[in-house]
Each structure stands twice: as structure tokens, then as C-alpha cells.
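> I have a structure here, written as C-alpha cells, and I will follow up with some questions on it.
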Amino acid sequence: MYVGWNIGANDTANCMGTSVGCGLISFRNAVILVAIFSILGALLQGQNVMNTIGRGIVKSDLSYQAVIIALVCSGFFVTLATFFRIPTSTSQAIVGGVVGIGLAVNAEVDFSKFIVIAESWVICPLMVMALSFGLMHLIKLILRRFETGSFRFQNALGWLAIGSACYVAFSMGANNAGNAVGPIANLKILHPKLLLLMGGLSIAVGAATYGRKVADTVGKGITPLDIPGAFVAQVSSAFGMHLFSLLGIPVSTSSAIVGAVVGVGLVKGMKAISKKTIATILLGWLLTPTFAAVSSYLLYNFIKTLFV
Amino acid sequence: MALFKKEKAVNKLILKHLDMVEDCVQASLKAGEFYLGGDLSQAKVHARNSQSLESEADLVRHDIRDKLYSGAYLPLLREDIYKLVESIDKVGNAAEACCDFFLNQRPVVPEEMKSSFLAVTRESLGIIVSLKLAILCYFKGDCKIETVRDHTRDIGLQESRVDKLEWDLTKEIFISEMDFALKLHLRLCLDSIVEVSDRAEDAGDQLELATLKAMV
């Protein structure tokens, strides 16, 4: 539940940060939509990633103690990133934590699977960035071709952007609820669907209670977004995430949306991008899984030394 | 489309409001023309018409506000839409105030200045035609953004012509041999006439801002 709360707190920004940032909807309404669609995504399509996290990386059963340490360590670093308004990857933190604990318990860690996942962390944002860059150019071309900018047209585009944000929330539920409850699935104490529901609910609670900070970074910090920009960023990131969810690869919604927002910003040129924000985000992406892995490994061994 | 029913209703009201403001300004223009022509009774008829049209336009504006804030359009757009409606409404208010000035304060316009006053009144209050074109063009959505911006440029040009006429007339007033109190009164009258084109220019700017925001 703590990891799920972290996902909600950090990743609400990925779903609705752009829409909230450009003023399309209030943060309160955004949270309601995130809650509904992330729970739906978790229940309907969360199984694939849950299986990968549960049994895909560490090939043996983990003890309660190991699972708790993996979750707490990864959750802690995501909380830290959220506090500093950095849209970090909960997926990366969980994978880092699971790998760290796998190594600590001397379990068989499937490094080939880990490499595939790690590659997706690089491929996904780049793919989404290219997609949003191309899509933004296409949208600009269409808008300039028809040259219509009436309020009614902008209103319709705004609703499309909100719809696409719901799609991102659905994809986030599908991809990230599995991150939160995957290690527990390994313990086989609860039905997978019930676990996914818990994951979805905790994401919703995290979004409502602590989601505001990162939403500001995504929505305003990287580059200022207008309605078409928000729409393109959301559609591109949702498409990228959905694709990886179907493949069962836990990608980062944060990296997807940040990639998409950068892609949209690049259409306006390099000057439109805040390089300082991007550097902070990249550092967060690198450090979160590393610290989660190292701290899980060290904490497990420390506790073992104390009690065994 | 049933999905955007509220938005369609608001658009309909905005166009109705625009028509009323235009009628109000035209009525004020007629009142001014009759006053300067010496026909006070006809001027009063048109002034009364202008007042009632302005009051009706206010009611429609309130209706637009209520509909907007009860869910029509996204919150992001509501403020821009209402600001635009308010700026159009202010043109009607200025026209009514101009009418009131003529009929209430009865400025004494010397015979040799009547044609100049008539010209500045026609130019200033006549700006409503360009403003209506621009607003219609934007709200009906059947014009290109560039066409809307061409219309807003026309509003700006017409306002500049009014400024030129105002400058010339001010000079004419103050170099005349009239009593100083009379000069000041005519100057106030001139202020109230040019206020209409100033407010129309503001509305044009507001519209241009909306078109700029829509551009990607």
C-alpha cells in the first residue's frame, strides 16, 4: 500500500500534470479521474506487469521480511523524490529494490530479464519523445491548414486532452499497480485481482494526498504547455506505456511523460526546454533504482546480522 | 452535437448580445446625429431606445455568465470568453453614456463645429460595424484566424482615425473664442464620444489575444 501510495503521489503528475499545468482541469478533478482510471487499468490489465515483478526477475520465493524490505526501500526513495518534486520512476525503484533483495538472499536473479527492463527505461522515453515530436508537428500542420481557433474548437481539443489524460491514468494503473503489489503476489497470500484492486486504490489515495508537487514540475517546470501540447504529450506517453504494459515490461510512466513533454517542447526549439529541470529528473532516474537496490541489499543483510 | 449543447447555447447568447450592443450603438449614433442636427425629440426617441437595448444586453450578459459558470466550456476558456463579452458590453455602455451626455447635459455645439462633431461621432460609434464583423467571424468559426486578425487590425485603424479627429477638434475648440467653461464642456462631450471607439479597440485587443492563444 505504501508503494502504491508513492506511485499515486509521484505518478499522478504523469497522468494529469500536463492538463492541470495548462489549466484544463483543477487538481481535485484530476485526482478523481486518476483514481477511477488507474483502478480500472490495474484491474483489467495489471496482471502482466505483476507477474514480471512477482516472478520474472527473482526466480525464487521471497520471504515476508525480504518483500517488506524491498518495498519499503524502494518506496522511501520515491517519497524522497516526490518531496523534492522530481518525477522519478516507481517502476525503476521497485525493480531496483527487487534486484537488491534478490542478491541479498542469494536468489537466482534473471539478469537477462533485468537488462530487457532496463533497456525499456531508455527506449520508452526516447520512443515517446520521438512520437510526441512527430505528433505535435502533425497537429500543428493540421491546425494551421484549417486555421480554426474558435473557442468551440479549443474546447473540443481540451476535452480530447482530458480524455487522453484518462488513457494515461488507465495505462499507469495497468503498468504500475503491478509494481506495487508484484512482490506481494510472490507470497501468494491474496488473490491477484484483490491485490491489483489494493494497488489501484493505494495509487488513488497517493494521488489525492500528495500528488500536487510533482504535477507542478511536469505541467509547468519542463516547458509551458498549451492545450494541443498537453493532448499530444498525453497521447504519446499513454501509447508508449500501454505498449510496454501489453509486453509485461514495467516501464516508467514518469520517463514516458517527461519524454513526451520534452518532445512537445522541442517543437518550439531547445530554448523552450528547462535544462536544469531535465538534469534533475535524469539524476533522479539514475539514483532512485540504484539507491533502492543498494539500500534493500544492505538493510536485509543488516537485519540478518542483527537477528540471526 | 448533444455533447456540446451548453457551448452552443452560450455561443447563441453571445451573438444575441453582440446584436443588441450593435443596435444600442447604432441607436446612440442616430441620437447623436439628431441632436447635432437640432432635432431634439427624435434624438430623445433614439436615446431611449439605446438605453433599453443596453439594459437588455446586460441581462443577456448575465445569462452568458451564469451559463458559462454552470459548466459550459472548459474552465480554462471561460475567463477569456467572459472577458471578451464584458469588453463588448463596455462598448454598448460607452455608447449609452455618450447618448446620455448629449441629452442630459445638452452641450452647446457652435454651428461651425457641428460638422466636425458629426464626423467624429460617426467615426467613433461607426466602429461597431468592424467590431461585429471580427467577433462574428471568430465565433461562427467559419473564418481563418488571419481574417479575424485582419478585422481586428481594421478596428485599430478606425480608432486611430478617431484619435486624429479628436486631436483636431480639441485644438479647434481651444483656439476658438468661446467661453472657457463651454470649451471644457465640449471637451468632455468629445471625451464621451471617443470613449466608444476606445472601448471597441479594447474589445478588439481582447479578441486578438484569444486568437493568439489559439495559434500553435
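> Take the conditions touching a helix residue (DSSP H, G or I) at 6+ places or on another chain (Cβ under 9 Å), surrounded by fewer than 24 Cβ atoms within 10 Å (Cβ to Cβ) and of a type in the set (Ser, Thr, Tyr) and apply them to A:Thr253. Does it pass?
Values: touching a helix residue (DSSP H, G or I) at 6+ places or on another chain (Cβ under 9 Å): yes; surrounded by fewer than 24 Cβ atoms within 10 Å (Cβ to Cβ): no; of a type in the set (Ser, Thr, Tyr): yes.
Answer is no for this residue.
> A follow-up question, please. Go through region A:132-148 and give me each residue that's at pLDDT 85 or above and either surrounded by fewer than 24 Cβ atoms within 10 Å (Cβ to Cβ) or within 7 Å of chain B (Cβ to nearest Cβ) (or both). Step through it out loud before you land on a result.
Restricting attention to region A:132-148, the residues satisfying the condition of being at pLDDT 85 or above are A:132-138.
Residues satisfying the conditions are A:Phe133, A:Gly134, A:Leu135, A:His137, A:Leu138.
> Specify which of the listed residues (B:Lys144, B:Lys164) is surrounded by fewer than 16 Cβ atoms within 10 Å (Cβ to Cβ), farther than 24 Å from B:Leu103 by Cα, within 14 Å of another protein chain (Cβ to nearest Cβ) and not aliphatic (A, V, I, L, M).
Numbers: B:Lys164 fails: within 14 Å of another protein chain (Cβ to nearest Cβ).
The unique qualifying residue is B:Lys144.
> Please find, within region B:96-111, the residue that is surrounded by the fewest Cβ atoms within 10 Å (Cβ to Cβ) out of those that are aliphatic (A, V, I, L, M) and more than 20 Å from the chain's Cα centre (by Cα). Show your work before the answer.
Initial filter on region B:96-111 (aliphatic (A, V, I, L, M)): B:97, B:103, B:108-109.
Retained after the next criterion (residues that are more than 20 Å from the chain's Cα centre (by Cα)): B:108-109.
Working: B:Val108: 11, B:Val109: 20.
Among those residues, the one meeting the criterion is B:Val108.
> Among the numbered conditions (1) surrounded by fewer than 20 Cβ atoms within 10 Å (Cβ to Cβ); (2) over 18 Å from the mean Cα position of the chain (by Cα); (3) at pLDDT 95 or above, tell me where B:Leu186 comes up short.
(1)
Table: residues versus (1) at pLDDT 85 or above; (2) of a type in the set (D, E, K, R).
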site: A:Val98; (1), (2): no, no
site: A:Glu108; (1), (2): no, yes
site: A:Phe114; (1), (2): no, no
site: A:Cys124; (1), (2): no, no
site: A:Ala130; (1), (2): yes, no
site: A:Ser150; (1), (2): no, no
site: A:Trp159; (1), (2): yes, no
site: A:Ser164; (1), (2): no, no
site: A:Phe170; (1), (2): no, no
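> Return the residue satisfying two criteria in turn: it lies in region A:223-282 and is charged (D, E, K, R) and assigned to a loop (DSSP other than H, G, I, E, B), and of such residues it is farthest from the other protein chains (Cβ to nearest Cβ).
First pass over region A:223-282, keeping only residues charged (D, E, K, R): A:226, A:268, A:271, A:275-276.
Within this subset, residues satisfying the condition of being assigned to a loop (DSSP other than H, G, I, E, B) are A:226, A:268.
Values: A:Asp226: 7, A:Lys268: 10 Å.
Residue satisfying both the conditions and the ranking: A:Lys268.
> Collect the residues in region B:197-211 that are over 18 Å from B:His17 (Cα atoms) and among the aliphatic types (A, V, I, L, M), keeping them in residue-number order.
Once the filter is applied, which keeps residues that are over 18 Å from B:His17 (Cα atoms) and among the aliphatic types (A, V, I, L, M), region B:197-211 yields B:Leu209, B:Ala210.
> Name the residue, out of B:Ile135, B:Ile175, that is touching a residue at least 12 places away in the same chain (Cβ under 8 Å) and either more than 14 Å from chain A (Cβ to nearest Cβ) or closer than 30 Å to B:Asp80 by Cβ (or both).
Details: B:Ile175 fails: touching a residue at least 12 places away in the same chain (Cβ under 8 Å).
Answer to the selection: B:Ile135.
> If I filter region B:1-48 down to residues being among the polar types (S, T, N, Q) and within 18 Å of B:Leu118 (Cβ to Cβ), which single residue comes out as farthest from the other protein chains (Cβ to nearest Cβ)? Before you say what the answer is, go through the steps one by one.
Residues of region B:1-48 that are among the polar types (S, T, N, Q), as a first pass: B:11, B:26, B:28, B:41-42.
Right, trim to within 18 Å of B:Leu118 (Cβ to Cβ) and you get B:26, B:28, B:42.
Numbers: B:Gln26: 26, B:Ser28: 28, B:Gln42: 40 Å.
Selected residue: B:Gln42.
> Across region A:229-248, what is the number of residues that are crowded, with 24+ Cβ neighbours inside 10 Å and either at pLDDT 80 or above or aliphatic (A, V, I, L, M) (or both)? Lay out the reasoning, then the answer.
Step one: filter region A:229-248 for residues crowded, with 24+ Cβ neighbours inside 10 Å, giving A:229-234, A:236-238, A:240-241, A:244-245.
Keeping just the survivors that are either at pLDDT 80 or above or aliphatic (A, V, I, L, M) (or both) gives A:229-234, A:236-238, A:240-241.
Selection size over region A:229-248: 11.
The values are calculated or read from the model by the stated rules, or taken from the named source; none is laboratory data. Please read all numbers here as calculations on a predicted model, not as lab measurements. As a convention, Cβ positions derive from the backbone with ideal geometry for all residues, glycine included, and neighbour counts pool all protein chains shown.
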